[in-house]
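Trainee: The structure's right below; bear with me while I get my questions together.
The values are calculated or read from the model by the stated rules, or taken from the named source; none is laboratory data. Fair warning: this is a prediction, and the values are worked out from it, not measured in the lab. Cβ atoms come from the backbone with ideal geometry, glycine included; neighbour counts cover every protein chain shown. Just so you know, the surface numbers come from the protein's heavy atoms only, side chains and all, with ligands and any DNA or RNA stripped out. Shrake-Rupley method; radii C 1.70, N 1.55, O 1.52, S 1.80 Å.
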Amino acid sequence: MYEEWNKKLDAEIEVLVEGMTELVKIASIGNKDKFKVAQEAFEAQCRTESMVRAATSLLSIIHSLKLVLLLSDEGQIAARRDSAAIRFQERAESARRVATESLELLLNKREGGLSSNEWSQTMQLS
């Protein structure tokens, strides 16, 4: 896919370069009859039309490349997804720690100051 776009880019740029070169050659001032002037005017018009088509094609290719970059940057999307998953896991672990600490405090108050481990052992013995 990228090779095709490179070939298209090269071809369109070549058209622009050749067209500009020919326009500069045509623009030379000298002794010219009306037929030669008309012929060069027609050639200049044809060259400029092909250059405009090439420039339009280049703009289209640029637009397509931008869309590909924006929409299918899988590496960046995966990195964002992984980062979000890590942040979620960290928040879940933090919430788990807070819940455990709160439960231990609650159990200590209910059982007269026993820690959750001591309370568990007491419950197992009874």
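Trainee: For the stretch 16-30, how many residues are among the aliphatic types (A, V, I, L, M) and in a loop (DSSP other than H, G, I, E, B)?
Mentor: Start the filter on the stretch 16-30 by keeping residues that are among the aliphatic types (A, V, I, L, M), which leaves 16-17, 20, 23-24, 26-27, 29.
If we keep only those that are in a loop (DSSP other than H, G, I, E, B) as well, we get 27, 29.
Counting residues in the stretch 16-30 that are among the aliphatic types (A, V, I, L, M) and in a loop (DSSP other than H, G, I, E, B) gives 2.
Trainee: Now for a different question. All but one of (1) open to solvent by 60 Å² or more (accessible area, probe 1.4 Å); (2) modelled with pLDDT of 90 or more hold for Leu58; state the number of the condition that does not hold.
Mentor: Just one mismatch for Leu58, condition (1).
Trainee: If you don't mind, there's one more thing I want to ask. Could you tell me which numbered condition Ser28 fails, if it satisfies all but one of (1) at pLDDT below 90; (2) surrounded by 13 or more Cβ atoms within 10 Å (Cβ to Cβ); (3) hydroxyl-bearing (Ser, Thr, Tyr)?
Mentor: Only one criterion in (1) at pLDDT below 90; (2) surrounded by 13 or more Cβ atoms within 10 Å (Cβ to Cβ); (3) hydroxyl-bearing (Ser, Thr, Tyr) is unmet by Ser28, namely (2).
Trainee: Here's something else I'd like to know. Give me the pairs, please: first residue somewhere in the stretch 61-81 and of a type in the set (A, V, I, L, M), second residue anywhere and in a helix (DSSP H, G or I), beta-carbon distance under 8 Å, and either six or more positions apart or on two chains.
Mentor: Between residues of the stretch 61-81 that are of a type in the set (A, V, I, L, M) and residues that are in a helix (DSSP H, G or I), the close pairs are Ile61/Trp5; Ile61/Lys8; Ile61/Leu9; Ile61/Glu12; Leu65/Trp5.
Trainee: Working only within the stretch 31-41, note down all residues that are more than 23 Å from Ala54 (Cβ to Cβ) and either open to solvent by less than 70 Å² (accessible area, probe 1.4 Å) or in contact with a strand residue (DSSP E or B) (Cβ under 9 Å, 6 or more places away or on another chain) (or both).
Mentor: So the first thing to find is which residues in the stretch 31-41 are more than 23 Å from Ala54 (Cβ to Cβ), and the list is 31-38.
Hits for the stretch 31-41 are Lys32, Ala38.
Trainee: In the list Leu125, Leu71, Leu114, which residue meets the criterion of being modelled with pLDDT of 75 or more and either surrounded by 10 or more Cβ atoms within 10 Å (Cβ to Cβ) or not charged (D, E, K, R) (or both)? Let's see the steps before the verdict.
Mentor: Details: Leu125 fails: modelled with pLDDT of 75 or more; Leu114 fails: modelled with pLDDT of 75 or more.
When all the criteria are applied, what remains is Leu71.
Trainee: Report, by residue number, each residue of the stretch 6-24 that is among the acidic types (Asp, Glu) and exposed (fewer than 13 other Cβ atoms within 10 Å of the Cβ).
Mentor: Selection gives Asp10, Glu14.
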